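Q: Got a structure for you, written out below as structure tokens; questions coming shortly.
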Amino acid sequence: MYMTQLDWEFIARYAPLYVEAAKLTVYIAFWGILFALLVGMVCSAALYYRVPVLRRVIAVYIELSRNTPLLVQLFFLYFGLPNIGIVLSGEACAIIGIAFLGGSYMAETLRSGLESIDKSQAESAASLGFGRWLTMKEIIFPQALAVSVPGICANVIFLIKETSVVSGIALADLMYVAKDLIGLYYRTDEALTMLVVAYLVILLPVSVAATLLERRLRHAGFGN
């Protein structure tokens with residue numbers, strides 16, 4: 001069988017490298033997704049309220065972000081910006097790249113959530129003297145966020161998987177370690193097995209948590 005053919009001594013020797021690489025992957029994913037969510041909130045609110053100038057800027061941003069590969073964006077940040085005097089660390093470039101890509105997906109997801117909320121709620125809040133910001137903060141956005149949870153969770157998993165390309169700017173993430181071991185020792189099966197296991201360890205808890213959260217919100221009456 002395949003599992004008995006693996007060199008377990010090799011796996012035991014180099015597994016700690018994957019542990020360290022997984023920590024870096026989680027670090028980049030956490031901050032990148034957090035900033036992506038913040039960008040998505042701002043953009044979705046501007047689209048919802050149809051702010052004239054911002055709508056055009058955001059539309060360009062979303063098209064640019066979603067229609068260019070993340071690796072190209074990372075290359076621009078890491079190799080292009082130094083040509084104009086802006087030098088960023090590899091980790092900073094990775095976080096910015098994930099946030100830039102993820103922000104557009106989060107914006108579209110949250111915008112759909114906002115548009116699903118009945119307009120009469122905003123009108124009722126205005127009749128009670130609520131300002132636009134307070135209405136959004138206390139009434140509209142919490143409901144939209146709950147409705148958007150399935151899409152947000154899907155985006156989170158997508159962005160965690162997208163971190164696999166940050167090895168292109170010499171960051172020692174999981175993919176970088178796997179390629180390095182394959183190049184040095186030609187132990188493809190062992191290196192890829194550890195890579196798959198590492199991503200499963202990261203992604204399965206996120207997927208399970210997302211499923212439980214969706215069920216809880218569904219039972220609470222959201223997302224129906």
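Values in this text are rule-based calculations from the coordinates and carry no lab data. Just so it is clear, the model here is predicted, and its values are computed rather than measured. Cβ sites come from the backbone with ideal geometry, for glycine too, and all protein chains shown count toward neighbours.
Q: Please give, to one decimal in nm, the separation of the simple spin-label points placed at Phe76 and Asp7, each 7 Å out from Cα toward the Cβ.
A: A separation of 4.2 nm, rounded to one decimal place.
Q: Of Gly183, Leu47, Trp8, which is farthest along the charge dipole of the chain in the positive direction, counting Lys and Arg as +1 and Asp and Glu as -1 at C-beta?
A: Going by the Cα projections, it comes out as Leu47.
Q: Could you tell me how far the Cα centroid of the stretch 1-43 sits from the Cα centroid of the stretch 89-152, in Å?
A: The stretch 89-152 and the stretch 1-43 have Cα centres spaced 29 Å from each other.
Q: Under a Cβ-only charge scheme (Lys and Arg +1, Asp and Glu -1), can you give me the dipole magnitude of the stretch 2-219 about the Cα centre, in debye to the nearest 20?
A: Here the size comes out at about 720 debye.
Q: Sticking with this structure for a sec: Order of 139-151, 186-198 by packing, highest average Cβ count within 10 Å first? Don't skip to the end; give the middle numbers.
A: Values: 139-151: 18.8, 186-198: 16.8.
Output ranking for 139-151, 186-198: 139-151, 186-198.
Q: Simple spin-label model, 7 Å along Cα-to-Cβ: Gln121 to Glu20 in nm?
A: Distance between the two pseudo-spin positions: 4.9 nm.
Q: Only helical DSSP H runs with n ≥ 4 go in: add -39500 (n - 2.57) per run for the chain, normalise by residue count and round the 222 nm mean residue ellipticity to 500 deg cm²/dmol.
A: -25500 deg cm²/dmol
Q: What's the tally of Lys pairs in the stretch 2-219 whose alpha-carbon atoms lie under 26 angstrom apart, where the two lysines are 8 or more places apart or on different chains?
A: Lysine pairs, 8 or more places apart or on different chains, close enough: 4.
Q: Just one of (1) 1.07; (2) 1.02; (3) 0.94 is Rg/Rh (Cα atoms, Kirkwood Rh) calculated from these coordinates, so which is it?
A: (1)
Q: Gaussian network model of the chain, Cα springs within a sub-10 Å range: biggest mean-square fluctuation belongs to which of Val72, Val156, Val39?
A: Judging by the Gaussian network model, the answer is Val72.
Q: Then there's this: Which helices of the chain meet both criteria: a Cα extent of 15 Å or more along the helical axis and a mean Kyte-Doolittle score no lower than 0.0, with helices taken as whole DSSP H segments?
A: 8-48, 52-66, 90-115, 141-162, 174-185, 188-219
Q: What percent do you get for the relative contact order of the chain when only Cα pairs under 8 Å and 6+ apart count?
A: Relative contact order of the chain: 29 percent.
Q: What distance in nm separates the simple spin-label points at Arg216 and Phe158, each placed 7 Å from Cα in the Cβ direction?
A: 2.4 nm
Q: Arrange the peptides 79-87, 9-17 so that the one whose residues have, on average, the most other Cβ atoms within 10 Å appears first. Write out the running numbers ahead of the final one.
A: Values: 79-87: 10.0, 9-17: 13.4.
Those peptides, ordered most packed to least, come out 9-17, 79-87.
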